[in-house]
1. Could you grab me the full set of residues in segment 307-327 that are closer than 15 Å to residue 265 by Cβ, of a type outside the set (A, V, I, L, M, F, W, C) and crowded, with 19+ Cβ neighbours inside 10 Å?
2. Can you find, within segment 106-120, the residue that is farthest from the ligand (Cβ to nearest atom) among those that are hydrophobic (A, V, I, L, M, F, W, C) and in contact with a helix residue (DSSP H, G or I) (Cβ under 7 Å, 6 or more places away or on another chain)?
3. Just to check your reading of the model, which residue among 62, 87 is among the small types (Gly, Ala, Ser), out of contact with any strand residue (DSSP E or B) (no Cβ under 6 Å at 6 or more places or on another chain) and without any contact (Cβ under 8 Å) to a residue 24 or more places away in the chain?
4. Being more than 16 Å from the ligand (Cβ to nearest atom), hydroxyl-bearing (Ser, Thr, Tyr) and closer than 16 Å to residue 198 by Cβ narrows it down to one of 38, 98, 69, so name that one.
5. How many of the residues making up segment 288-329 are more than 20 Å from residue 102 (Cβ to Cβ) and either touching a Pro at 6+ places or on another chain (Cβ under 7 Å) or away from the ligand (no atom under 16 Å from the Cβ) (or both)?
6. Pairs needed: first member in segment 101-113, at negative phi; second member anywhere, crowded, with 24+ Cβ neighbours inside 10 Å and of a type in the set (Phe, Trp, Tyr); C-beta distance under 9 Å; at least 6 residues apart or different chains.
7. Being hydrophobic (A, V, I, L, M, F, W, C) and assigned to a strand (DSSP E or B) is the filter here, so list the residues in segment 84-115 that pass it.
8. Enumerate the strands (runs of 3 or more DSSP E) found wholly within segment 129-235, keeping only those where 1 or more residues are crowded, with 16+ Cβ neighbours inside 10 Å and within 13 Å of the ligand (Cβ to nearest atom).
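The values are calculated or read from the model by the stated rules, or taken from the named source; none is laboratory data. Here the structure is a predicted model, which is why all the values come from computation and not from measurement. Counting neighbours? That spans all protein chains shown, and the Cβs are built from the backbone with ideal geometry, glycine included.
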Amino acid sequence: MSSLRVRAHAPGRVNLIGGHVDYAGGMVLPMAIQLGTTVVAQRGHDRVALRSVSEDEPAVLALEPVDPTTVTPRWASYVAAVLAELASREGIVGEVTTTIPIGTGLSSSAALEVAVALALLGPDAMEGLDRVRLAQQCQRAELAASGVPCGIMDQLASLCGAEGQALLLDCTTLVTRLVPVPDDVAFVVIDSGQPRTLAGSGYAQRRAEVEAAAAVLGPLPGLDVAVLDGLEDPILRRRARHVITEHRRVLQFVDALAAGDRDGAGALMRESHESLRHDHEVTTDVLDALVEDLCARPGVFGARLTGGGWGGGVIAMTEPGALQEGWTVRPSAGATVEAL
Ligand code: GLA
């Protein structure tokens with residue numbers, strides 16, 4: 001057993017556009033951000049014991065897998081789920097810190113999963129690391145811990161981020177393309193003040209509705225909206241329309257950014273929010289009012305819900321310095337682990 005001290009760091013992510021399309025196999029455009037979660041720990045133990053500066057109770061776990069939903073405190077269930085998923089035979093003892101505001105839609109849980117996974121795997125695993133496979137393992141851990149059948153976006157963004165770049169993720173092939181983020185715009189996240197948790201929300205139901213629509217029409221991304229006539233149920237028609245149009249907006253947004261068309265890109269963000277509001281029905285009055293308010297401010301090109309919905313944060317694309325509040329998020333490198 002090695003007794004190496006390690007530091008693993010996993011960034012949070014913000015989704016610029018492409019909401020609720022990852023689980024439908026569509027395109028999404030997140031970026032890993034400078035806010036993240038860090039695990040500093042000693043490897044080579046026969047158990048996992050992690051303290052968190054933002055939690056009262058530590059996560060203390062034997063290496064034998066347990067049902068994560070039976071684990072307390074709540075945050076420890078994510079640690080237990082990662083441990084079980086990796087079937088790790090070496091534990092870690094150390095501390096977790098985070099700069100990600102919890103419940104704002106910046107993927108604090110994915111960052112915790114990825115940071116714990118990398119601390120367990122250790123620095124030797126970095127060479128030739130299969131980041132897509134690890135993202136899938138962490139996605140399964142999220143489902144096991146929270147019961148939320150999330151897509152792959154958050155974990156993949158945290159693992160594959162790159163300095164100065166957003167990530168165009170094809171959620172069918174899991175191929176990633178880097179998209180440079182122009183420096184004449186700023187991305188600012190504003191918390192709606194409505195704390196959000198996707199557990200117990202309509203997230204699983206939305207996913208089931210999208211899958212029901214796809215069972216009739218086939219994979220939705222890339223289809224023409226004309227095919228929606230083939231769906232009788234008006235709810236399924238709205239959900240499918242969201243996926244079809246949102247997937248297309250992601251590609252248009254990438255083109256607008258590349259062309260330096262800030263107004264065009266901002267308009268697509270606003271359309272994305274309207275689609276999440278009316279067709280996918282995952283926003284709230286508070287989020288809608290916040291987006292409307294932000295879009296009316298000078299120097300704001302567009303804004304939309306980021307994250308899963310039913311509360312949490314909004315992302316605005318602005319002239320640099322146009323907004324004083326919120327967190328200005330910058331595209332950052334993906335997760336790493338190093339020996340100390
Ligand atoms: C949550 C999920 C993601 C994605 C978004 C909505 O963050 O974890 O997989 O579905 O919601 O775009």
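1. The one that is closer than 15 Å to residue 265 by Cβ, of a type outside the set (A, V, I, L, M, F, W, C) and crowded, with 19+ Cβ neighbours inside 10 Å: 318.
2. To start, the set of residues in segment 106-120 that are hydrophobic (A, V, I, L, M, F, W, C) comprises 106, 110-112, 114-120.
Still in the running and in contact with a helix residue (DSSP H, G or I) (Cβ under 7 Å, 6 or more places away or on another chain): 110-112, 114, 116-117, 120.
Details: 110: 7, 111: 12, 112: 13, 114: 13, 116: 17, 117: 16, 120: 21 Å.
Top of the filtered list is 120.
3. Values: 62 fails: out of contact with any strand residue (DSSP E or B) (no Cβ under 6 Å at 6 or more places or on another chain).
It is 87.
4. Working: 38 fails: closer than 16 Å to residue 198 by Cβ; 98 fails: closer than 16 Å to residue 198 by Cβ.
After applying the criteria, what remains is 69.
5. Of segment 288-329, the ones more than 20 Å from residue 102 (Cβ to Cβ) are 288-289, 291-304, 316-324.
Checking the rest, the ones that are also either touching a Pro at 6+ places or on another chain (Cβ under 7 Å) or away from the ligand (no atom under 16 Å from the Cβ) (or both) come to 288-289, 292-302, 316-324.
Here the count works out to 22.
6. So the pair list comes out as 109/78; 112/78; 113/78.
7. Of segment 84-115, the ones hydrophobic (A, V, I, L, M, F, W, C) are 84, 86-87, 92-93, 96, 100, 102, 106, 110-112, 114-115.
Correct list: 92, 93, 96.
8. On the way: elements: 165-170, 176-180, 186-191.
Passing ranges, in order: 165-170.
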